[in-house]
Amino acid sequence: EMFGQLTSGLEAAWSKLKGEEVLTKENIVEPMRDIRRALLEADVSLPVVRRFVQSVSEQAVGTGLIRGVKPDQQLVKIVNDELIKLMGGEVSELVFAKSSPTVILLAGLQGVGKTTVSAKLALYLKKQGKSCMLIAGDVYRPAAIDQLVILGEQVGVPVYAAGTEIKPAEIARQGLQEAKKQNVDVVIMDTAGRLQIDKAMMDELKDVKRVLNPTEVLLVVDAMTGQEAAALVTTFNVEIGITGAILTKLDGDSRGGAALSVKEVSGKPIKLVGRGERMEDLEPFYPDRMSGRILGMGDVLSFVEKAQEVMRQEDAEELQKKIMSAKFDFNDFLKQTRAVARMGSMSRVIGMIPGMGKVTPAQIREAEKNVQLMESMIEVMTPEEREKPELLAESPERRKRIAKESGKTEQQVSQLVAQIFQMRVRMKNLMGVMEGGSLPTMSN
Ligand code: GDP
């Protein structure tokens, strides 16, 4: 079972929360220790584990209750989202050149599965309707050239080979020329690997890269090597500049460290993964599916997502009611801004407010900065002040105190107070127009 050990290590964390009512600073200590241990045993590097654990802990105590969701389920969801983020979030697609051929250069140490991947990739692209050509550039192992020719035949893709008595950069030049003549869509070049990194290999790769001007330079790494794979991706990126990695042998008893560390450590995404010895065993790297497999808790995840969705809906409806009765206070404001933080983006919430149109990223950034400023002032208000902004409007002493405690200026506090009244008025007007039957148009 792939990542089996990591999965069971994480299960220990959830099991410690059974019977708890909420996630607290105290009751997550043990589970977080389990998560930390599980990741280290999966061979994820220590700095990555530290950042991961810290981020999960912060979210665990900061998220608040979701109705119907148990703390262990909630933690599963937080870990899932953080794992996805760690692995780069979205799937990272191969990039194709504007004008053919697209050139893909493959690099990697010996034995990682580079030659196999070359042919797998050709088949993968062929299935997408692209014509391909392989270039055999491993001049140090005649057997590698033969192997590529055989695999090329197997997947029905032509292989350009020119023997071993020729420099790889020259093979690259000739192969590319041939590919252009034949009008192929994609050229994939296999290069020589070494047992370990050396200068000759890097120089050779640089020469080949110069000749090919590739769209993709992909480093093939072996998942079994754990965090070492992530370090290799970093080194190759610094030395020759790469666009991503292909992780092989994910079907073996790899512990997960490579899949989890490559993006975070090197900044470069894993684009594809090899999951077996057959030519068909190559697929895109989907961070969300990978996390799902690691956790093995598909139903819990979709359940928590639904519960969150329902809660957002209810929050939005409640807000709308408040707006209509012009009772929107600092508590609502804070709740909204925290919801914003939870969702990671202002745009959703703005989208929920009726009548608000398109917002630009710059406006969102500006708004988020304002939100932080406002939060710090609201946080030092008394419960009464939060509910009745009038108290602040009437009392310079209260405003002075809030300025002092939040470390902001009195003018900033006054602005905030003015703002909530303006907001009430604006929202009220907006609702009035809407009730009147005509939708307002917002112009920027
Ligand atoms: P190269 O030296 O990097 O070109 O490596 P090869 O392509 O010759 O592969 C080395 C060995 O790894 C071969 O026996 C392959 O069948 C095997 N291999 C490559 N990719 C995978 C994979 O995704 N899963 C498994 N199980 N074996 C693989």
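Residues that are among the hydroxyl-bearing types (Ser, Thr, Tyr) and crowded, with 23+ Cβ neighbours inside 10 Å number at least 1 in none of the helices (runs of 4 or more DSSP H) confined to the range 144-249. Among residues of the range 96-115 that are farther than 21 Å from ILE197 by Cα, none has a Cβ under 6 angstrom from a residue that is at pLDDT below 95 and away from the ligand (no atom under 14 Å from the Cβ) at a sequence gap of 6+ or on a separate chain.
Sort out which residues of the range 134-143 are within 12 Å of the ligand (Cβ to nearest atom) and assigned to a loop (DSSP other than H, G, I, E, B), and write them in order of number. Give the derivation first.
Taking the range 134-143 as the starting set, the residues that turn out to be within 12 Å of the ligand (Cβ to nearest atom) are 136-138, 140-141, 143.
ASP138, TYR140, ARG141, listed by residue number.
May I ask you to list the residues in the range 58-99 that are basic (Lys, Arg) and either under 30 Å from LYS126 (Cα atoms) or touching a strand residue (DSSP E or B) at 6+ places or on another chain (Cβ under 8 Å) (or both)? If the condition is that a residue be basic (Lys, Arg) and either under 30 Å from LYS126 (Cα atoms) or touching a strand residue (DSSP E or B) at 6+ places or on another chain (Cβ under 8 Å) (or both), then LYS98 is the only one that fits. Kindly provide the set of residues from the range 205-232 that are away from the ligand (no atom under 15 Å from the Cβ) and under 20 Å from TYR286 (Cβ atoms), ordered by number. If the condition is that a residue be away from the ligand (no atom under 15 Å from the Cβ) and under 20 Å from TYR286 (Cβ atoms), then GLU216, ALA230 are the ones that fit.
Taking the criterion of being within 14 Å of the ligand (Cβ to nearest atom), surrounded by fewer than 24 Cβ atoms within 10 Å (Cβ to Cβ) and either closer than 25 Å to ASP34 by Cβ or under 26 Å from the mean Cα position of the chain (by Cα) (or both), would at least one residue in the range 122-133 satisfy it? If you could, list the steps in order and put the result at the bottom.
Here is the first cut: in the range 122-133, the ones within 14 Å of the ligand (Cβ to nearest atom) are 122-124.
Now narrow it down to the ones that are surrounded by fewer than 24 Cβ atoms within 10 Å (Cβ to Cβ): 123-124.
So of that shortlist, the ones also either closer than 25 Å to ASP34 by Cβ or under 26 Å from the mean Cα position of the chain (by Cα) (or both) come out as 124.
Yes, the range 122-133 contains a residue that is within 14 Å of the ligand (Cβ to nearest atom), surrounded by fewer than 24 Cβ atoms within 10 Å (Cβ to Cβ) and either closer than 25 Å to ASP34 by Cβ or under 26 Å from the mean Cα position of the chain (by Cα) (or both).
Screening GLU58, GLU93, GLU82 for residues that are in contact with a Lys or Arg (Cβ under 8 Å, 6 or more places away or on another chain) and either modelled with pLDDT of 95 or more or more than 16 Å from the ligand (Cβ to nearest atom) (or both) leaves exactly one candidate, GLU93.
Just checking, how many residues over the range 240-274 are over 26 Å from LEU205 (Cβ atoms) and either touching a Leu at 6+ places or on another chain (Cβ under 8 Å) or among the polar types (S, T, N, Q) (or both)?
So the first thing to find is which residues in the range 240-274 are over 26 Å from LEU205 (Cβ atoms), and the list is 251-253, 255-256, 260.
When the remaining residues are screened for being either touching a Leu at 6+ places or on another chain (Cβ under 8 Å) or among the polar types (S, T, N, Q) (or both), the result is 255-256, 260.
Total meeting the criteria: 3.
Inclusion of ALA230 among residues that are over 19 Å from ASP190 (Cα atoms), assigned by TED's automatic domain parsing to the domain that holds VAL117 and under 19 Å from the mean Cα position of the chain (by Cα) is warranted. Contact map, the range 259-284: first residue touching a residue at least 60 places away in the same chain (Cβ under 8 Å) and within 14 Å of the ligand (Cβ to nearest atom), second residue among the basic types (Lys, Arg) and assigned to a helix (DSSP H, G or I), Cβ cut-off under 6 Å, separation 6 or more or different chains; pairs are MET279/LYS120; LEU282/LYS120.
The values are calculated or read from the model by the stated rules, or taken from the named source; none is laboratory data. Everything numeric here is computed off the predicted structure, so don't read it as measured data. Don't worry about glycine lacking a Cβ; one is built from the backbone with ideal geometry, like all the others, and counts go over all protein chains shown.
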